[in-house]
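All remarks here apply to the structure that follows.
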Amino acid sequence: MSHSCVEQNPYSGVDFLSLENLSRADEVVAEVFHMMFGFVTELVDAPGLTPPMPGSDDRTAVVGFSGSMRGSCQVRISSPAARAIASAMLGGVPIDEDDDSINDALGELCNMLAGGWKNAIPALSSACALSPPTVISGHDYKVHVRMPSVNLSRTYRFDVHTLQLTLHCEQIEPHGQ
C-alpha cells in the first residue's frame with residue numbers, strides 16, 4: 001500500500017496546552033476507566049503525591065503519535081495497579097505477578113487513552129496515527145522524549161491506586177523557517 005505525502009498543518013503547542021485539552025484528557029480517562037474497568041477516577045494534585053519508593057516496580061506504557069502531531073501518550077503506574085487493571089479487563093479474574101496479560105492490558109489501556117484523546121480533537125482525529133503500544137517495567141527508570149517539546153501531565157486515583165498520564169507533543173517547525 002502506498003501513502004502519499006500530504007502537507008499537514010501541525011497541531012500547535014498552544015492548542016496542546018489549552019485548558020480545553022486538559023479537560024479532554026480528564027474526560028477520556030474517566031470514560032475509559034468507568035466503561036472498561038468499572039472504576040471511578042479522581043484527579044489528584046500531583047505535587048502532594050509521594051514519589052515512587054526507590055526500588056519500587058513500576059510500569060509505563062507508551063503509544064506514539066505521528067502525522068499532524070508528533071509525540072506520545074505515556075501511562076505510568078505501579079505493578080499492583082497494573083495487575084488491578086488487567087484483572088478488571090479480564091472480568092475480575094485474579095492475575096499472577098508475572099502474567100503477560102498485565103503488559104497487554106496496560107498497553108491496551110494506553111492505546112484507548114491515546115486514541116480517545118486524539119479522536120476528540122478534530123485537527124488530529126484523522127490526521128494523526130498511533131503506534132502500537134510499548135510497555136516498560138522495572139525499577140528507577142526514566143522515559144526520554146525528543147526535545148523541544150511540551151508535556152501535559154495529570155495524576156488520577158482509581159480504587160486505591162494512582163495513574164500518571166503524560167501527553168507529550170514535539171514542537172514541529174513549519175517548513176521553510
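What follows draws every value from the coordinates through simple rules; no lab data is involved. Just so you know, these numbers come straight off a predicted model, no measurement behind them. Neighbour counts run over all protein chains shown; Cβ positions are idealised from the backbone, glycine included.
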| task | Name all residues of segment 88-107 having a backbone nitrogen under 17 Å from the label point set 7 Å from the Cα of SER79 along its Cα→Cβ direction, giving them as ranges. | result | 95-107
| Fully extended, how many nm does the chain gain between ASP15 and VAL150 (0.36 nm per residue separation, minus their Cα-Cα distance)? | 47.5 nm
| query | Using r as the Cβ-Cβ distance of LEU22 and HIS139, and R0 as 45 Å, what FRET efficiency do you calculate, to the nearest 0.05? | reply | 0.90
| Using the Cβ atoms and a cut-off under 14 Å, what net charge is assigned to the surroundings of VAL32, where Lys and Arg are +1 and Asp and Glu are -1? | -1
| message | Quick query: amide H of PHE39 versus all other amide H atoms, modeled in the peptide plane; which residues come in under 5 Å with a sequence gap of 5 or more or a different chain? | response | HIS34
| message | For a Förster distance of 25 Å, can you work out the FRET efficiency between the beta-carbons of VAL44 and SER126, rounded to the nearest 0.05? | response | 0.15
| query | How much length is gained on full extension from VAL160 to ASP57, taking 0.36 nm per residue of separation minus their Cα-Cα distance? | reply | 35.4 nm
| message | Quick check on segment 78-177: take the gyration tensor over C-alpha atoms, sort the square-rooted eigenvalues as a ≥ b ≥ c, and tell me if it's rounded (a/c under 1.5), prolate or oblate. | response | prolate
| Ordering of 105-113, 148-156 by packing [mean C-beta count within 10 Å, highest first] | 105-113, 148-156
